[in-house]
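Report on the structure given below.
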Amino acid sequence: MGHYTPAEVIAHDSASWAQANALEDFVFPWEPGKPPAAITFRALHDDQGLYWQFRVQDRDIKTYVNKNEKSEVLHGDRVEIFLCTDTTLSTYYGLEIDALARVYDYRASYYRKFDSHWQWPSGQLRASARQDEDGYVVTGRISLQSLADLGLLANGMLHCGLYRGRCMEIDLEKEAMQWISWVTPASATPDFHIPSSFGILQLE
């Protein structure tokens, strides 16, 4: 991360992000022929934390707010980070964050066995978001200690899935989403909860 402080990195427009490699090859896996999605993901780290940022181009951001419960994130536009302990997905964790910086966090195991009451260890996760005329930016920090404690970080390597759910319509009765992924999953139908949707982030 260089000489920047954690507070400086969390800022959406921090100059520190210029140091980070940019991932821009996000695709619509289940919509053949569709151009790459307008998303950029960056990540940095120091000896205490992993810092990450999604920039999403979207002129029609949709968020659902009723009781402001974390599950409401699932009904609107969001970015997603999955982290697994091993490639069998015996245990993995989901962080789904909307344009209001609300986080839907959970623990899961293969196949689609969810514990939505689980929460990321207290004080070990931060997320912020900003909307502008081009879309939204979600920036966050996860402590390296929590990643290690959960068995997610080994030899500077993270098995990680990066996704976006683009909400076409807020409808509580049916799903109206376009699904976007960094890695193309080996599935004929939309599904990120499988080992082939994960890639690797290596801390340098």
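The values are calculated or read from the model by the stated rules, or taken from the named source; none is laboratory data. As the structure is a computational prediction, the values presented were derived from the model and not from experiment. Methodologically, a virtual Cβ is constructed for each residue, glycine included, from the backbone with ideal geometry; neighbour enumeration extends over all protein chains shown. To get the accessible areas, we keep the full protein, side chains included, count just its heavy atoms, and leave off ligands, DNA and RNA. Shrake-Rupley method; radii C 1.70, N 1.55, O 1.52, S 1.80 Å.
Condition first: within 20 Å of I170 (Cβ to Cβ), within 14 Å of the chain's Cα centre (by Cα), modelled with pLDDT of 95 or more and open to solvent by less than 10 Å² (accessible area, probe 1.4 Å). Can you find one or more residues in the range 82-93 that meet it? Looking for residues that are within 20 Å of I170 (Cβ to Cβ), within 14 Å of the chain's Cα centre (by Cα), modelled with pLDDT of 95 or more and open to solvent by less than 10 Å² (accessible area, probe 1.4 Å), one finds none in the range 82-93, hence no. Scanning the range 171-183 for residues that are modelled with pLDDT of 95 or more and assigned to a loop (DSSP other than H, G, I, E, B), which turns out farthest from V73 (Cα to Cα)? If we take residues in the range 171-183 being modelled with pLDDT of 95 or more and assigned to a loop (DSSP other than H, G, I, E, B), then V183 is farthest from V73 (Cα to Cα).
The single condition among (1) farther than 18 Å from Q178 by Cβ; (2) touching a strand residue (DSSP E or B) at 6+ places or on another chain (Cβ under 6 Å); (3) free of Cβ contacts under 8 Å to residues at least 40 places away in the same chain that T40 does not meet is (1). Residues that are closer than 13 Å to L95 by Cβ and either under 14 Å from the mean Cα position of the chain (by Cα) or charged (D, E, K, R) (or both) within the range 140-163 comprise G140, R141, I142, L158, C160, G161, L162, Y163, listed in sequence order.
Considered as a group, the residues in the range 164-186 that are under 15 Å from the mean Cα position of the chain (by Cα) and charged (D, E, K, R) include one that is most open to solvent (accessible area, probe 1.4 Å), and that residue is R166. Condition test on R55, is it touching a Ser or Thr at 6+ places or on another chain (Cβ under 9 Å) and farther than 29 Å from D149 by Cβ? Yes: the conditions hold for R55. Can you spot a residue in the range 52-60 that is buried (at least 17 other Cβ atoms within 10 Å of the Cβ), closer than 25 Å to I170 by Cα, among the aromatic types (F, W, Y) and touching a residue at least 40 places away in the same chain (Cβ under 8 Å)? So far as the range 52-60 goes, yes, one or more of its residues are buried (at least 17 other Cβ atoms within 10 Å of the Cβ), closer than 25 Å to I170 by Cα, among the aromatic types (F, W, Y) and touching a residue at least 40 places away in the same chain (Cβ under 8 Å).
If you take the residues in the range 169-187 that are aliphatic (A, V, I, L, M) and in contact (Cβ under 8 Å) with a residue 40 or more places away in the chain, which one is farthest from L23 (Cα to Cα)? Of everything passing the filter in the range 169-187, L172 is farthest from L23 (Cα to Cα). All conditions in (1) more than 20 Å from Y163 (Cα to Cα); (2) open to solvent by 50 Å² or more (accessible area, probe 1.4 Å) hold for D46, with the sole exception of (2).
All conditions but one from (1) farther than 19 Å from F198 by Cβ; (2) open to solvent by less than 20 Å² (accessible area, probe 1.4 Å); (3) of a type in the set (S, T, Y); (4) out of contact with any Gly (no Cβ under 7 Å at 6 or more places or on another chain) apply to S143; the one that does not is (4). Say whether the condition of being in contact with a Gly (Cβ under 7 Å, 6 or more places away or on another chain) and either of a type in the set (D, E, K, R) or modelled with pLDDT of 95 or more (or both) is met by at least one residue in the range 67-75. Checking the range 67-75: not a single residue is in contact with a Gly (Cβ under 7 Å, 6 or more places away or on another chain) and either of a type in the set (D, E, K, R) or modelled with pLDDT of 95 or more (or both).
Here V73, V137, V65 are screened, and the one residue that is of a type outside the set (S, T, Y) and closer than 25 Å to S196 by Cα is V73.
In this structure, does V103 turn out to be over 14 Å from L152 (Cβ atoms), β-branched (V, I, T) and open to solvent by 30 Å² or more (accessible area, probe 1.4 Å)? Yes: the conditions hold for V103.
Listed conditions (1) outside any strand (DSSP E or B); (2) within 24 Å of V27 (Cα to Cα); (3) open to solvent by less than 10 Å² (accessible area, probe 1.4 Å); (4) among the polar types (S, T, N, Q) are all met by T189, apart from (3).
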